[in-house]
Amino acid sequence: METMEKLLQTLKQEEAYLIKDLAMALRRVGLWNDNLSTSNVLALSSKAFEVFLDAIEFQDTNSIKNSIQKLNEQCLNLGVPPWVGIKVLSCIRCLLYNLLFAKFQEDELSFMLEHVNKAIDRMMLFSKSFFKEPEIFYTSSCCEKFEEIKKNYHILFEKISDGCFINQGGKIVFANRAFCQMHGYEYDEIIGMPCQLLLSEDSRDFTMERFRKQLRGEIPYDSYCYIRQDKQGNKFYTENRAKFIQYNCKPAILGLCTDITTRVKLEEEIKQKEALSLIGKLTTSIAHEIRNRLSAINIDLQILQDNLTLEGNDQRRLEIVHEQFKNLGDFVSQMMEISSTLKLDYHVVSIEELINV
């Protein structure tokens, strides 16, 4: 919903510029002769953009039909054949492609392109009922536009580094090149494959349950991490952003997955370093406490050794105790030195003197 509001806000903010650009585009492609005034061209462009915004904001069938009716009436009022409305919608699509590609990226861009194309395609479909000659819809110019749209889609989905897929009925029905490469399959192999085969056993139940919840409409948008499994059985950490959509008029899940194996390894290394740092601090604290008590005991032993008159084995035993306490004290000092934080001393030195040291 937030992305849809952002799309509407962007379109309304750029409305004046888009209408002007639309009028210029219609002039360039020569949809009518020069007898049509500039004000009429702007009026038609304004009406076309107005009904397009209605189709985006109010996506039900009746709203779209009403929008097309308004556009058709505007064409008739200006003495323009109804099929011109189709040309206008095609020009709007091209202008919005340039705008959205310049302002948004990845998930937001995909969402907005999907809704823009859905609105325009449905408007074109309903426009056929106003044609006196329906075959006009299939002019070479329109075919070229659709080819251009197809090319843009190809660039969008095939050139991104993230894996894009559609899960419908528990099977992969669409996948881009990156998704195939991430799992080690060719496109023909992965289409129709059950999603479970692409998941590690550790993540299978968890991931499929989230898919099922989305298909039931409980989670419109979801983001989570799981472990994928490629064709050779290798496992990799993966992050997936999934959205509930309608694909070929049936519920489906559109997913965008990213390999996060390197990120997870770095996080694990950071955790290990933090754990080692904590152990070092704890070791230093314990060693400090032990050394303080050893110092007190060592002083008392020294006093006893100086004041007592012992002979033979008793004197030797006292000396051994004193030596062992000294060794234990040295060991504790080494522990504190090893566990202490390394401090680097940065200063300018002579390379010649350093080599000769």
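Computed with every protein chain present, the accessible area of His288 is close to 80 Å² [probe 1.4 Å].
Hey, how many Å between the Cα centroid of the stretch 225-281 and the Cα centroid of the stretch 1-24? Using only Cα atoms, the two centres lie 36 Å from each other.
Counted by Cβ distance under 12 Å from Glu2, the other residues give a net charge of -2, where Lys and Arg count +1 and Asp and Glu count -1. With the largest listed first and rounded to whole Å, the semi-axes of the equivalent ellipsoid of the stretch 174-239 from the Cα gyration tensor are 21, 14, 10.
Ligands, DNA and RNA aside, Leu18 has an accessible area near 20 Å² when probed at 1.4 Å. If the segment from Arg212 to Lys171 were pulled out straight at 0.36 nm per residue, it would be longer than the present Cα-Cα gap by 13.5 nm.
For the stretch 154-287, the average shadow cast by the Cα convex hull is 10.6 nm², which is a quarter of the hull's surface.
Apolar share of the accessible surface for the stretch 197-280: 55 percent from carbon plus sulfur atoms, 1.4 Å probe. Counted residue by residue at 0.36 nm each, then reduced by the alpha carbon distance between them, the extension gain from Asn98 to Leu276 reaches 58.9 nm. Anything over 25 Å Cα to Cα? Flag those among Lys243/Lys271; Lys171/Lys250; Lys20/Lys103, in the order listed. Violating the 25 Å Cα-Cα cut-off are Lys243/Lys271. Modelled spin-label separation between Ile191 and Asn234, with each label point placed 7 Å from Cα along the Cα-to-Cβ direction: 2.6 nm.
The values are calculated or read from the model by the stated rules, or taken from the named source; none is laboratory data. As the structure is a prediction and not an experimental result, all values here were calculated from the model. Quick reminder, even Gly has a Cβ in these numbers, built from the backbone with ideal geometry, and neighbours come from all protein chains shown. These area figures cover heavy atoms from the full protein model, side chains too; ligands, DNA and RNA do not enter into them. Shrake-Rupley method; radii C 1.70, N 1.55, O 1.52, S 1.80 Å.
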